[in-house]
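Taking it in order: structure first as structure tokens, then the write-up.
The values are calculated or read from the model by the stated rules, or taken from the named source; none is laboratory data. Here the structure is a predicted model, which means the values were calculated and not measured. Positions of Cβ are backbone-derived with ideal geometry, glycine not excepted, and every protein chain shown enters the neighbour counts.
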Amino acid sequence: MKVPEIEIVSWGDSFATGIRLVDEQHKELIKLTNELYRACLIGVEETGPVFKEALSCTVEYVRFHFAAELEILEKVNYPDYNEHKKQHEYLIKHILAASKEFGSGKKFIPNQFVRTLKDWVFGHIAFYDKQFAVYIADQKSKGLLGDL
């Protein structure tokens, strides 16, 4: 079944950090979130395998992105590093628990999960990632950091 190219989230300035690597990875997270959302819309019989594959890709990419982001924050001695890391751990725990529920056949509502994921991830980007972007920009303006 062909699913229209609808989006649950799209890139906007509210997500931009000004850090090229982070912004490119955030764009990929948007793409994956939209793929998960579209997987929810294809019909009951087909949703399972398509959603499972999309969820697996999302879990792996979120882990990859968070590791890259934390590496940057560690490199720049970000003062709220530990809190940012806790936020990442919370999301990973949530995604893995949902993935396990889905894989074990427990009652799971993919569409609801995708909406929760979207709200959390992009709320995190718009708030917490913007905070470290301000810190990095400030450090650069003082000549304390070069390009990342």
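Summary of values
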| quantity | calculated |
| --- | --- |
| Which numbered condition F51 fails, given (1) touching a Cys at 6+ places or on another chain (Cβ under 7 Å); (2) more than 19 Å from E101 (Cβ to Cβ); (3) among the hydrophobic types (A, V, I, L, M, F, W, C) | (2) |
| Every pair of residues 6+ apart whose Cβ atoms lie under 7 Å, when the first sits in segment 104-132 and is more than 17 Å from L91 (Cα to Cα) while the second is part of a helix (DSSP H, G or I) and modelled with pLDDT of 85 or more | F132/L73; F132/H84 |
| First in segment 58-69 and over 16 Å from K86 (Cα atoms), second anywhere and of a type in the set (D, E, K, R), Cβ under 9 Å, 6 or more apart | T58/E35; Y61/E28 |
| When residues of segment 85-99 are limited to those that are in contact (Cβ under 8 Å) with a residue 24 or more places away in the chain and in contact with a His (Cβ under 9 Å, 6 or more places away or on another chain), the one farthest from Q139 (Cα to Cα) | L91 |
| Segment 89-145 - residue that is assigned to a loop (DSSP other than H, G, I, E, B) and modelled with pLDDT of 80 or more and, of those, nearest to E7 (Cα to Cα) | L145 |
